[in-house]
Every structure is written in C-alpha cells, then in structure tokens.
Amino acid sequence: MKPFIKHEGLVAALDRVNVDTDQIIPKQFLKRIERTGFADCLFFDWRFLADGTPNPEFELNQSRYIGASILLAGANFGCGSSREHAPWALNDYGFRAIIAPSFADIFFNNCFKNGMLPIRLSEVEVRDLFRRVAENEGYRLTVDLSEQMITGDDGVELHFDIDPFRKQCLLEGLDDIGLTLQVEDRISAYESHRRNFGAA
Amino acid sequence: MPKTLFEKIWEDHIVHDEPGKPALIYIDCHLVHEVTSPQAFDALRLAGRRVRRPDLTLATVDHNVPTWSRSLPITDEISLKQITRLETNCREFGIPLFGLDSPQQGIVHVIGPELGFTQPGMTIVCGDSHTSTHGAFGALAFGIGTSEVEHVLATQCLLQSRPSTFRINVEGGLPNGVTAKDLILYIIRTIGTDGATGFVVEYSGEAIRRMSMEERMTVCNMSIEAGARAGMIAPDETTFSYLQGRPQAPKGAAFDEAVAYWKTLPSDEGAAFDRELTIDVSDLAPQVSWGTNPGMVTDVTGSVIDPDAISDENERRAARRALEYMGLQPGTRIEDLQIDRVFIGSCTNSRIEDLRAAARIVNGKSVASGVSAMVVPGSQQVKVQAELEGLDRVFRDAGFDWRESGCSMCLGMNPDILRPGERCASTSNRNFEGRQGAGGRTHLVSPIMAAAAAVAGRFVDVRNWE
Ligand code: SF4
C-alpha cells in the first residue's frame, strides 16, 4: 500500500449529507473485475446528464474544482453498501483525503486500506471550511498526518484525531495481511482449539 | 461480570490482542459473491498466497445473475465474465460454490441460513453490507470491503477495533398487517441513517421474541441502514428449531451439545450496553419511505413531508433534494401515490414467509392495469417451496412475473431495472437515488404492502385489506 504522510491540494466542496456509495459509484460499474480505472465512474449519475455530457449543476464539475485532491463533504459520507469500488473511484479521480463530520463505518475502513485518509472534524469546523472554500476560489489545504494537523495559507489550523494504529499503517504504508501473518502461530494455536461449528 | 451477547462472541474469537491495536478475530464463516471478490483473488494470486480455510468459505452468484429462465444464456458479457471469474477462482482455490445451475443458488444472505451455515455464536463476514442479516441467529455478522475479503481469505482472521453496544428493546406486539419490515423502517426513521454508526445493535424485547427466524432476519438485515456495524438477536427455541435438520447444522448428539452452548449466549441479566432505547410497537402503522434514504419514512396514513417544517438545515436541504428526485409534492397523502412497478424480493424480504404473506393479499385479485409487478424468490429453494405450495400460480394468475432467484431489482445490476421516473413499491432495503435504475423512484415497504399496492395501483393501508 502506498503511504500517506503529508498532502497538499485543492479542496472541492460537496455540501450534501448522507452521500451514499450508490452515488459515489453506481452499480453498473461494479461488474468490472479490476481494482483501478474507476475515475470516470465516480459520481456518474450526478456528474453526467442522460446524453453523457457533464452536468453543469454538479459541484465537482465546476472549473474551480478541476484537479482537486481533498474532498470536503457533509455528515455520514459513504453510507450504504460495502463496495470498496467507492474509495477506488475517489482515489482514481485524484482524491487523497476526505474531510467530513462523520463517515459510515465500512467506507471509513475501506479508505485506509487504499492509502487514503478520511478525516473527521466537528460539524462547526466543517461548516467553517465550507465557508472558506466558498469564499476563496482555488482554496488549498495541507494535511499532515504525522502532526495530525490541517493547515491553510489563510491561517486555518485544525487538529484531527486518528486511531494510532491506523495512523502508523498509513504513514508506513503497511500491508495488513503481512502484519497478520507475523502472528501466524497464534492463528494456528487458535485453530487447534476452536469450537467446531460444522455438520457432524 | 455479566456480559452481552456481543461480548461473549467477541471474546471467544480473539486470536491476538495487543494494546493500542485492533484485535485480531477469527472468522468462522466467510461468504463470497461475484461482485466484491475478483480483485481480492487477484491480489492473493499476485502475492502467491493461498486461501487458508476454503472449508470455512462458501461462494454463490447472486448480484448480477439474470432472473429469467436459467436455461437461457447470459447476454451481458461483463456480467458473464464476473460470474465465470468466480467459478474459476473457486476452482483454483478449492472453495465450494453454489453456482448458477445449483439447486441451492440464491442470495448469499438467504442461502447461508437456509442451508444451516449460519449458526449462533459464530463470526460471519461477507463483502456485502447486508451480512448483518445473519445476526438474527445470535451470530456476529458484518459486511467488509474487498481488501478485507482478501485478508480473510489469506488468514481467516480480521483486524477489528471493538465496536460499542446498543440495545434496542422492542416492547408490545405488532398489530395485524404490521410486519418486521415496518418495525425496522420505523427504527431507522427514529434513530436516523447514522443513528447506530459505530455500534453493534442487539434487538430484544417481547416483539422480537415473538418473531419467526425469517422476521428476525428482516430486522437484522437493515441494521446497516441505520449505520450499525452489525445487528444481533439472542438465540432461543425459535432459533434452535429453525436450525434442526438443516444440511450444515450439527446432527444428533452434536446438535444437543451445540444447543447447550447456544443457550449460554444470550446477554446476561444486568449486562451493560453503551446505549439503550426502548420503543413500543403496539400502535405501529405500516411504513412507507418517501425519500432517498431509508430514514426518510412515514406512516402509510401520513403525507409527504414538508421540508420547510424541518429545523436542521442539512436535513431540510436533503429533504428538498429528495422530493425533487422523487417527483413528490409536500403534503401529498401517501395513499394518493400511484405506482408503476412492484418488486417483491431482495435479501430483506424474499423468503418463503414473505411470499406466503404477499400471496394471501393478491389471491384471487389482479395487478392494477398499468402496473408491472414481479416476484423474485431469494433462493432456488425458496422458489421450489413456493411452487410446491402453489404460490407461483397465485402470483401468476394475478399478473405478477415469477422469476428465478437473485438480487435482481434490489440493485439493478442485472437487466431488471426501473426506467427513469418510474415509481416502485419495493420490498428491498435501499431507496437511494438510482438504486433500482437511473432516475427510478423507490418506496420501501413490507411484502404485504407491496402486494396490496400492486393490486390497488397505489399505496393502501394493508390493515384494511379485504
Ligand atoms: S438483495 Fe440487494 S441488498 Fe441484498 S445482497 Fe443482493 S443487492 Fe445486496
């Protein structure tokens, strides 16, 4: 997994609550058997009109957000299905960090497995960032994972919390499976006495 | 110290626990389907890893299989590729597969319980958020992403931080015409779509104890729609008698031994939960969703919400957007909403009891003109049973389409989809924008409400059905 240490980038604002994974990547794209190549599928039904042209109403289609790599969104981002295609699509599109007041569990977890950083801030802090983005075209932020800080040229400084284990995995780009296999003897020991649920 | 059902299972499955790290927990049963697994198998191959316990892994195809006759070829080449890929992966890694031609094929959350794979006290995962369904048996069951699917395939374990616990006591008895589906929709409406985020929910109380296993599965199934990590119900005599005789359930003396263990699982008297909620359902009405998430729900006797009456700004904007998408005016009575389509199916409501109840409503009647209605059994076994009981005839005679099993129009990955603007009474679990087809408008209801809507051509209060 690629590490996440520090990232500076353009912020795109998607001021909606409960953005679900069916919107992030609609089901017709789940038939692919690859892990990449989902950039054009991201927010497909919101992004494109029926004739395939970009929907000018959709936030991310605004020219000011072209090249954004930090997504700012409303509460409960990523609710719904467990599809990891959702973080894959966000990642392929170019997003490395997502900031919201809250995230759905499975989506949150899936981000970390792909070297992406979902950041929970308070509702008040997120509102303030939405205001800053609205008022400043080209608004950029720096996310520093080791310091757990978000900073901007306009003087904004926000601390965020993160589980220490997840932080370490992201900073070092650690592979979960590799870590687990380090305690393979424990798995075998557990298996030697585990309850047998099988048909007898 | 008294323990909760969740704590007992959790502690029984810890393989390794270091301070400051998530616990490594053992997985007793890993369910696999075609959509969320191909990338995991590829990564395994790439790393030269094997599947640690193919014997604890079980695969089926459900998400994008067509529901027309199984003798017809699959015309969608990409779907076909995904289905064939699962077949080759299962063969290569030695995983048992209930494929398209298997008499046991079906929606993964329907066949697990039906075949007796799902048992109390187990940990069960699947690359699918509705894995929470299996919690109805007193198992700890939850959905995972593809990277975690790979992790479980390789190690049979999962790194998990310990969730908090939330008990929802459901007191009173459900009135006639009000079902487990109405109960769970009402719970989500009450606590919100993120009301249980970070929690494992245990449902308890009189109404739950009185439920059949299939009703309990409906409740646990939609736990994820409230954001819960998992939903659980303590095992009891209803659970044990459901399991007895199922192909994968223990037999003979082993069954008695298992029951003795299962009886130790319910939460102890005085066990502490991080959060508790009690609701009384004695006066609950059938529920109908009006918006684009499963918390946007009201009574069938109610009206479409007026967004201006919502105080929270975020919620107000979301409601406005939802009404626009759904093509609804504030204040319209739910019973005045005309429908175009009816879908009875999905891992929430496609089991035999659901079909029996819906068939009783349509028996001798016909689908309203202009309405197209379909029944998609959850598994081939449900389908066969329904046909033995003549339910297929009841549905067909009324003008319903009777299909082969699969996820079908629950998510519309196969050819079963809504056209833009079509309004659908659906027994599935998600009413997200475009879920059943781009531009489609989904209203979540119980199977009997969907059946009644099919006949009436609009939503009706099934409590008054004659
Ligand atoms: S029936 Fe619907 S919710 Fe259930 S597993 Fe299939 S697609 Fe998912």
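Hey, can you tell me all the residues within the stretch B:59-104 that are touching a Ser or Thr at 6+ places or on another chain (Cβ under 6 Å), within 15 Å of the ligand (Cβ to nearest atom) and more than 14 Å from every other protein chain (Cβ to nearest Cβ)?
B:T67, B:F98
Quick one: in the stretch A:1-48, which of the residues that are free of Cβ contacts under 8 Å to residues at least 12 places away in the same chain and exposed (fewer than 13 other Cβ atoms within 10 Å of the Cβ) is farthest from the other protein chains (Cβ to nearest Cβ)?
Taking the candidates together, the pick is A:D40.
Out of the residues in the stretch B:419-454 meeting the condition of being crowded, with 24+ Cβ neighbours inside 10 Å and farther than 24 Å from B:A226 by Cα, tell me which one is farthest from the ligand (Cβ to nearest atom).
The extreme case among them is B:A452.
What's the total number of residues in the stretch B:405-463 that are within 14 Å of another protein chain (Cβ to nearest Cβ), β-branched (V, I, T) and within 20 Å of B:L328 (Cβ to Cβ)?
Qualifying residue count for the region: 1.
Being of a type in the set (D, E) and either part of a strand (DSSP E or B) or surrounded by 15 or more Cβ atoms within 10 Å (Cβ to Cβ) (or both) is the requirement here; does B:E315 meet it?
Criteria met by B:E315.
Taking the stretch A:158-197, which residues are touching an Asp or Glu at 6+ places or on another chain (Cβ under 7 Å) and of a type in the set (F, W, Y)?
Answer for the stretch A:158-197, where residues must be touching an Asp or Glu at 6+ places or on another chain (Cβ under 7 Å) and of a type in the set (F, W, Y): just A:F197.
Would you say A:F130 is assigned to a helix (DSSP H, G or I) and in contact (Cβ under 8 Å) with a residue 60 or more places away in the chain?
For A:F130, the condition - assigned to a helix (DSSP H, G or I) and in contact (Cβ under 8 Å) with a residue 60 or more places away in the chain - is met.
Taking the stretch B:30-58 as the region of interest, how many residues are of a type outside the set (V, I, T) and within 16 Å of the ligand (Cβ to nearest atom)?
The qualifying residues number 6.
Given the stretch B:107-219, what helices (runs of 4 or more DSSP H) lie entirely inside it while holding 2 or more residues that are within 16 Å of the ligand (Cβ to nearest atom) and under 24 Å from B:R360 (Cβ atoms)?
B:108-114, B:180-191
Only one of (1) over 23 Å from B:L140 (Cα atoms); (2) surrounded by fewer than 22 Cβ atoms within 10 Å (Cβ to Cβ); (3) in contact with a Gly (Cβ under 9 Å, 6 or more places away or on another chain) is not met by B:P266, so which one is it?
Checking B:P266 against (1) over 23 Å from B:L140 (Cα atoms); (2) surrounded by fewer than 22 Cβ atoms within 10 Å (Cβ to Cβ); (3) in contact with a Gly (Cβ under 9 Å, 6 or more places away or on another chain), the one that fails is (1).
Hey, could you check the stretch B:399-418 for residues that are out of contact with any helix residue (DSSP H, G or I) (no Cβ under 6 Å at 6 or more places or on another chain) and among the charged types (D, E, K, R) and say which is farthest from the ligand (Cβ to nearest atom)?
The residue in question is B:D401.
Restricting to the stretch A:83-103, count the residues that are in contact (Cβ under 8 Å) with a residue 40 or more places away in the chain and within 11 Å of chain B (Cβ to nearest Cβ).
Number of matching residues: 4.
For B:M374, only one of the following conditions fails: (1) buried (at least 23 other Cβ atoms within 10 Å of the Cβ); (2) of a type outside the set (D, E); (3) within 16 Å of the ligand (Cβ to nearest atom); (4) away from chain A (no Cβ under 14 Å). What is its number?
(1)
For the stretch B:253-302, what are the residues that are among the β-branched types (V, I, T), assigned to a loop (DSSP other than H, G, I, E, B) and either within 21 Å of B:G135 (Cα to Cα) or away from every other protein chain (no Cβ under 11 Å) (or both)?
Those that are among the β-branched types (V, I, T), assigned to a loop (DSSP other than H, G, I, E, B) and either within 21 Å of B:G135 (Cα to Cα) or away from every other protein chain (no Cβ under 11 Å) (or both): B:T264, B:V281, B:V300, B:T301.
Only one of B:G116, B:G127, B:G143 is under 19 Å from B:F6 (Cα atoms) and not β-branched (V, I, T); which?
Going through B:G116, B:G127, B:G143 in turn, the sole match is B:G143.
Filter the stretch B:288-306 for residues that are under 19 Å from B:P330 (Cβ atoms) and of a type outside the set (V, I, T) and give the result.
B:S289, B:W290, B:G291, B:N293, B:G295, B:M296, B:D299, B:G302, B:S303, B:D306 - these are the residues of the stretch B:288-306 that are under 19 Å from B:P330 (Cβ atoms) and of a type outside the set (V, I, T).
Would the stretch B:343-354 turn up any residue that is assigned to a helix (DSSP H, G or I), in contact with a Leu (Cβ under 6 Å, 6 or more places away or on another chain) and within 16 Å of the ligand (Cβ to nearest atom)?
So far as the stretch B:343-354 goes, no, none of its residues is assigned to a helix (DSSP H, G or I), in contact with a Leu (Cβ under 6 Å, 6 or more places away or on another chain) and within 16 Å of the ligand (Cβ to nearest atom).
Quick check on my filter: what residues within the stretch A:171-194 are hydrophobic (A, V, I, L, M, F, W, C) and either more than 15 Å from B:R53 (Cα to Cα) or within 7 Å of chain B (Cβ to nearest Cβ) (or both)?
Across the stretch A:171-194, the qualifying residues are A:L171, A:L174, A:I177, A:L179, A:L181, A:V183, A:I187.
Within 28 Å of B:G406 (Cβ to Cβ) and not polar (S, T, N, Q): which single residue out of B:G345, B:G331, B:G302 fits that description?
B:G345
Within the stretch A:59-104, take every residue that is of a type outside the set (V, I, T) and in a strand (DSSP E or B) and give me the one that is surrounded by the most Cβ atoms within 10 Å (Cβ to Cβ).
Step by step, filter the stretch A:59-104, then rank; the result is A:C79.
Scan the stretch B:33-52 and give yes if some residue there is closer than 29 Å to B:A373 by Cβ, charged (D, E, K, R), within 11 Å of another protein chain (Cβ to nearest Cβ) and touching a residue at least 40 places away in the same chain (Cβ under 8 Å), otherwise no.
yes
For A:F197, only one of the following conditions fails: (1) aromatic (F, W, Y); (2) within 11 Å of chain B (Cβ to nearest Cβ); (3) under 17 Å from the mean Cα position of the chain (by Cα). What is its number?
Here A:F197 meets the rest and fails (3).
Read-outs: derived from the displayed coordinates by stated rules, not from any lab. These numbers were taken from a predicted model, which means no experiment stands behind them. So basically every Cβ, Gly included, is an ideal-geometry build from the backbone, and we count neighbours across all protein chains shown.
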